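K.L.:
What follows is a structure written as structure tokens; I'll ask about it next.
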Amino acid sequence: MNSLIIAGMLLVLLGLAYQSGWARSRSLATANGVKVHSRPQYHGSYVAIWTLVPTIVIVILWAWLGDGITHNFIVSQIPVETVQSLDQVGLNATIARIKSLASGYGVAGEVLPYEQTAGDALRSFQFITFLVVIVAAAVAGVAALLYARSRITARLRARNAVERVINIALLACSAVAILTTVGIVASLVSEAYKFFTFIHPIDFFFGTVWNPSFSSTGGGAHGQYGLLPLLAGTLMITLIAMLVAVPVGLMAAIHLSQYAHHNFRAVAKPIIEILAGIPTIVFGFFALVTVGPFLRDVGGFIGLDIKATSALTAGVVMGIMIIPFVSSLSDDILNQVPRTLRDGAYGLGATKSETIRNVLLPAALPGIVGAFLLAVSRAVGETMIVVLAAGNSPVLRGNPFEPVATITVSIVNQLTGDSDFAGPQSLVAFALGLTLFVITLCLNVFALYIVRRFREQYE
Amino acid sequence: MTDMLSTDHQASIERTKLIRAGLRKRHLSENIFKSLGLAAIVVALGFVALLFVDIVRKGAPAFTQSNVHLSVTFDPAIIDVEPAPVRADGQSDADFQAANLKWQRDLAMLNWNKVIEASLRAAAPAGFEIDSKDLLAIAETDARHQVRAQFVADPSLLGKTVEVDVLASANAQNWIKGNIDRSLGDAQQQLSAPARALIDEMVATGAITNGFAWSIFTNVDSRSAPASAGLLGAFVGTLWMMLIVIVLAVPIGVAAAVYLEEFAPKSRLTDLIEVNINNLAAVPSIVFGLLGAAAFINYMHLPISAPLVGGLVLTLMTLPTIIIATRGALLGVSPALRQAALGMGASKTQMVFHHVLPVTFPSILTATILGVAHALGETAPLLLIGMKAFVAAVPATPLDQATALPVQIYLWQGNENRNFFEPRTAAAIMVLLLVMIMLNGVAIYLRSRLEKRA
């Protein structure tokens, strides 16, 4: 309710400011017949910006400090001996009762006299403070409005001033991207640092046992946090995924870009790219209920012991997920190879496939490798498929038919959202996240570097 | 002489043969290569088809539900409470509320299962031997809440008999739909033999009928009454998040792209921002979840499981997509337009905002919709900020506890009652995919429309 009144007041004030600046500018132009530097809209915006700043500052100050002031006021209204007799919980309950008395809703049960007086006092206090804030904001706004209005002359460069403000706002928006990266790095590094005060980095990065014990919080035993089983699981699933995605994706890209009729291409390409738009949780479910049992049955048929949730299941489905990623990137890169190279090979009598294998692919190789690296980075950071289908068994072993655990799975398992970040059990998620971030960042930077070099080569 | 000629001829025949053989080999390998490519495409398309067919085949049955038609009698012998409180003069809101709550608490203490049991027994054929536990297993456990809520809303029902449709329990629905193998022995069945026989009997007499499962869309998640678990809460949570993403990501993203493409001086800083945005687009989504957990929840103390936090995290994730797409669109605007605007005396800001940006509107719109569609399906970061908590309410504000569609899918696939929740999970996936397909369709339609006009 209050915030609605404030927002309404702000809107009215801004409208007034804009209108007065606009009118003033108009009157300048018509009365004196002089050439005004800026158009009326800019004078309007100029005054509106001047008005907005002090008003917003006051409102934000109140939003920031208001709760504390109200709290102190309520405590000051309760008799001292009562305050001293109450503990924190009791005090909060009393404050809540007083607040609900002040709101006019009333409380259940007996109302103590001091509660009633405190409630009445709070009600008038709230009314007065709200009035003070809104009047102060309005006065500040109007004062700024009048000041800005008085500055309007034919020579005032209102447009330049307004455009400078716009420019600063735009810069601030693009700084959000930088702030995000800074935030990611800062939160990962600081929380990971806390983790490393519990567990030595060598034990983490080179440990071969992953066994975080949730049972003993506070005790000396923290469990073992060896990264290697998770890293091995991640790499195994990534490898399987690439074994599926690379041949299928690359051959599909070659066929689509070199052989296919353009009508077929226009239909097939978007359909394959649907795979890229499907949420990964859907792939995870598909892996869990369809692919996993199917692979298990196939394994049983040919005499292999394949578990339903295993590195193989997760890897195969992840490979399906990355197919469009590989194929559209490779497609782009194949199309960038200059036509002259291809025509030269045809002129020498090479068949289409010979041209592709001996000319196109070697020429496009750096770019394709870059595309593969980007796909690897995607696979390493993929979460939901492995959470559902990899089986979560953080043991160091080389059998792809057994369940494994990955870095991302362990992050999800360790950080469930309601932990208090006190022990290594939840902090380890940030150490894992940092590892993941560094791995994918290196892959991305390297891949982008390769792709860019490749592009420059043919430009 | 003739000898030489014939050897020459011989040699040329030999050579032609060799070339022919070589050509045949080369053409064979050409064909193999070509069909390998085709095979790859077929495999990829096959995966798409398999995925959709599998999900639809699994999910379609969950869109029907079995309703039990009951004649419920509000028997005063069972519903033995004082009449509903009436507001007295001078009573404060809080006191009336307290009295009302006490009355409702008294009602809640009653054994409403007896009401349900009596109605079920009335619906069974006369003389059917079944004990009350087995009988109650037919209706979903929330039937008693449903009947109680009906009574709370209208206390004058006391002593009357009304027709009520309640949901059949998850186990009963498994039995009716054949989700569970009917030939399994008693030990493996979740329902007792008399209950199963009675269900078949009631289906035959029309006391149990199948209908479209509106409950999936109108109910919130439920643990105690799995058959009534629905998507409404998750759907509203997702809507809140998408609203936040649109409100924040679009203006910030477009503004950032405009700055970088049009205003930024070529400097170290802008180079850094540029590299940074490209890398940000490739950071795994789960890392954004870690950022949300550490920065928004642990440091700023924003509420756990709130769509606000989820929306902020997804906004940061979507920003690079929108920035990159908008920059591409700005780059594609013809220089003639810019120069014409500048030549007419427009300032750079006017040129950008009045002339260049409106032309890119279709591309920005499409990029926004695609970015939002992508954010819609994102699960991993939401798990880390606590949105996988069980929430059985529709979030009224972005600060309430909530869950999201993809997280609901994650929660349902982990439910112990596999027979019932596997189809229901697939049904939830169908809803999610349908929303995404609709968003993408809108994007494609708008782009083609707007581009034609432009």
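K.L.:
Within the stretch A:294-308, restricting attention to residues that are open to solvent by 40 Å² or more (accessible area, probe 1.4 Å) and not in a helix (DSSP H, G or I), which residue is nearest to residue A:280 (Cα to Cα)?
P.N.:
Within the stretch A:294-308, the match that is nearest to residue A:280 (Cα to Cα) is A:307.
K.L.:
Return a yes/no flag: does the stretch A:156-165 have any residue that is open to solvent by 30 Å² or more (accessible area, probe 1.4 Å) and under 29 Å from residue B:300 (Cβ atoms).
P.N.:
Checked the stretch A:156-165: at least one residue is open to solvent by 30 Å² or more (accessible area, probe 1.4 Å) and under 29 Å from residue B:300 (Cβ atoms).
K.L.:
For residues that are closer than 19 Å to residue B:418 by Cβ and touching a Phe, Trp or Tyr at 6+ places or on another chain (Cβ under 9 Å), scanning just the stretch B:38-57, find the one that is farthest from the other protein chains (Cβ to nearest Cβ).
P.N.:
Checking each candidate, the answer is B:55.
K.L.:
OK, next. Are there any helices (runs of 4 or more DSSP H) wholly within the stretch B:162-281 with 1 or more residues that are more than 20 Å from residue B:136 (Cβ to Cβ) and touching a residue at least 12 places away in the same chain (Cβ under 8 Å), and if so which?
P.N.:
Answer list for the stretch B:162-281: B:170-177, B:215-218, B:232-258, B:268-281.
K.L.:
Give the stretch B:378-429 a look and list any residue that's within 24 Å of residue B:318 (Cβ to Cβ) and among the small types (Gly, Ala, Ser), or say none.
P.N.:
Answer for the stretch B:378-429, where residues must be within 24 Å of residue B:318 (Cβ to Cβ) and among the small types (Gly, Ala, Ser): B:380, B:386, B:389, B:402, B:404, B:428.
K.L.:
Test residue B:35 against the stated conditions and say whether it is of a type outside the set (Lys, Arg), open to solvent by less than 60 Å² (accessible area, probe 1.4 Å) and either within 13 Å of chain A (Cβ to nearest Cβ) or more than 30 Å from residue A:278 (Cα to Cα) (or both).
P.N.:
No; evaluated as a whole, the condition is false for this residue.
K.L.:
Looking only at the stretch B:192-225, how many residues end up being in contact with a helix residue (DSSP H, G or I) (Cβ under 7 Å, 6 or more places away or on another chain) and closer than 18 Å to residue B:406 by Cα?
P.N.:
Of the residues in the stretch B:192-225, 7 are in contact with a helix residue (DSSP H, G or I) (Cβ under 7 Å, 6 or more places away or on another chain) and closer than 18 Å to residue B:406 by Cα.
K.L.:
May I pose another question? Considering the stretch B:163-207 alone, what residues qualify as being open to solvent by less than 20 Å² (accessible area, probe 1.4 Å) and among the hydroxyl-bearing types (Ser, Thr, Tyr)?
P.N.:
B:169
K.L.:
Next up: So which helices (runs of 4 or more DSSP H) stay within the stretch A:317-393 end to end and still have 2 or more residues that are open to solvent by less than 10 Å² (accessible area, probe 1.4 Å) and modelled with pLDDT under 90?
P.N.:
Here the list reads A:361-381.
K.L.:
Please go through (1) in contact with a helix residue (DSSP H, G or I) (Cβ under 9 Å, 6 or more places away or on another chain); (2) more than 9 Å from chain A (Cβ to nearest Cβ) for residue B:276 and return the number of the only condition it doesn't satisfy.
P.N.:
(2)
K.L.:
Here is a further query. Quick check, is residue A:234 more than 24 Å from residue A:392 (Cβ to Cβ) and open to solvent by less than 50 Å² (accessible area, probe 1.4 Å)?
P.N.:
So residue A:234 does not fit the description; no.
K.L.:
With (1) more than 9 Å from chain A (Cβ to nearest Cβ); (2) of a type in the set (A, V, I, L, M); (3) touching a helix residue (DSSP H, G or I) at 6+ places or on another chain (Cβ under 8 Å) as the list, and residue B:304 as the residue in question, which single condition is left unmet?
P.N.:
(1)
K.L.:
How many of the residues making up the stretch B:309-350 are part of a helix (DSSP H, G or I), surrounded by fewer than 24 Cβ atoms within 10 Å (Cβ to Cβ) and within 11 Å of chain A (Cβ to nearest Cβ)?
P.N.:
6
K.L.:
So, in the stretch A:394-411, how many residues would count as being open to solvent by less than 10 Å² (accessible area, probe 1.4 Å) and either more than 19 Å from residue B:380 (Cα to Cα) or more than 28 Å from the chain's Cα centre (by Cα) (or both)?
P.N.:
Summing the residues that are open to solvent by less than 10 Å² (accessible area, probe 1.4 Å) and either more than 19 Å from residue B:380 (Cα to Cα) or more than 28 Å from the chain's Cα centre (by Cα) (or both) in the stretch A:394-411 gives 0.
K.L.:
Additional query: I'm trying to understand the selection: among the residues of the stretch A:257-277, which are touching a residue at least 40 places away in the same chain (Cβ under 8 Å) and either more than 7 Å from chain B (Cβ to nearest Cβ) or closer than 15 Å to residue A:316 by Cα (or both)?
P.N.:
Scanning the stretch A:257-277 gives A:257, A:258, A:269, A:273, A:275, A:276.
K.L.:
Any idea which of (1) assigned to a helix (DSSP H, G or I); (2) surrounded by 18 or more Cβ atoms within 10 Å (Cβ to Cβ) is the one residue A:147 doesn't satisfy?
P.N.:
Here residue A:147 clears every test but (2).
K.L.:
Additional query: Taking the options B:410, B:445, name whichever one is of a type outside the set (A, V, I, L, M) and either within 11 Å of another protein chain (Cβ to nearest Cβ) or within 15 Å of the chain's Cα centre (by Cα) (or both).
P.N.:
Going through B:410, B:445 in turn, the sole match is B:410.
K.L.:
May I ask you to list the residues in the stretch A:11-26 that are more than 11 Å from residue A:149 (Cβ to Cβ) and open to solvent by less than 70 Å² (accessible area, probe 1.4 Å)?
P.N.:
Selection gives A:13, A:14, A:15.
K.L.:
Let me ask you something else. Quick check: is even one residue across the stretch B:228-244 of a type in the set (Gly, Ala, Ser) and farther than 22 Å from residue B:411 by Cβ?
P.N.:
Within the stretch B:228-244, none of the residues are of a type in the set (Gly, Ala, Ser) and farther than 22 Å from residue B:411 by Cβ.
K.L.:
Against the conditions (1) within 14 Å of chain B (Cβ to nearest Cβ); (2) β-branched (Val, Ile, Thr); (3) within 29 Å of the chain's Cα centre (by Cα), where does residue A:290 fall short? Just the number, please.
P.N.:
(3)
K.L.:
Which of the numbered conditions does residue B:91 fail, given that it passes all the others? Conditions: (1) part of a helix (DSSP H, G or I); (2) surrounded by fewer than 16 Cβ atoms within 10 Å (Cβ to Cβ); (3) polar (S, T, N, Q).
P.N.:
Single failed check for residue B:91: (1).
K.L.:
In the stretch B:286-301, how many residues are more than 7 Å from chain A (Cβ to nearest Cβ) and part of a helix (DSSP H, G or I)?
P.N.:
The total comes to 6.
K.L.:
Between a residue in the stretch A:83-100 that is outside any helix (DSSP H, G or I) and any residue that is open to solvent by less than 60 Å² (accessible area, probe 1.4 Å), which pairs come within a Cβ distance under 8 Å, given they are 6 or more apart or on different chains?
P.N.:
Hits for this filter: A:86/A:94.
K.L.:
Hey, can you tell me all the residues within the stretch A:121-141 that are among the small types (Gly, Ala, Ser) and closer than 12 Å to residue A:57 by Cα?
P.N.:
Scanning the stretch A:121-141 gives A:136, A:137, A:138, A:140, A:141.
K.L.:
Out of all the residues in the stretch B:387-399, is one or more within 16 Å of the chain's Cα centre (by Cα), within 11 Å of chain A (Cβ to nearest Cβ) and basic (Lys, Arg)?
P.N.:
Yes, there is a match, as at least one residue in the stretch B:387-399 is within 16 Å of the chain's Cα centre (by Cα), within 11 Å of chain A (Cβ to nearest Cβ) and basic (Lys, Arg).
K.L.:
Something else: Quick check, is residue B:40 at pLDDT below 85 and either touching a Pro at 6+ places or on another chain (Cβ under 6 Å) or assigned to a helix (DSSP H, G or I) (or both)?
P.N.:
no
K.L.:
Moving on to the next point. Scan the stretch B:133-162 for residues that are open to solvent by less than 50 Å² (accessible area, probe 1.4 Å) and under 28 Å from residue B:415 (Cβ atoms) and jot them down.
P.N.:
B:134, B:135, B:136, B:137, B:138, B:139, B:140, B:142, B:143, B:147
K.L.:
Is at least one residue of the stretch A:416-435 facing chain B (nearest Cβ under 10 Å), under 24 Å from residue A:258 (Cα atoms), assigned to a loop (DSSP other than H, G, I, E, B) and of a type in the set (S, T, N, Q)?
P.N.:
No, the conditions are met nowhere in the stretch A:416-435.
K.L.:
Given the structure, is residue B:358 farther than 27 Å from residue B:309 by Cβ, open to solvent by 10 Å² or more (accessible area, probe 1.4 Å) and in contact with a Lys or Arg (Cβ under 9 Å, 6 or more places away or on another chain)?
P.N.:
no
The values are calculated or read from the model by the stated rules, or taken from the named source; none is laboratory data. Just so it is clear, the model here is predicted, and its values are computed rather than measured. With ideal geometry, Cβ positions are generated from the backbone for all residues, glycine too; neighbour counts draw on all protein chains shown. Please note that ligands, DNA and RNA were not included when accessible areas were found on the heavy atoms of the full protein model with its side chains. Shrake-Rupley method; radii C 1.70, N 1.55, O 1.52, S 1.80 Å.
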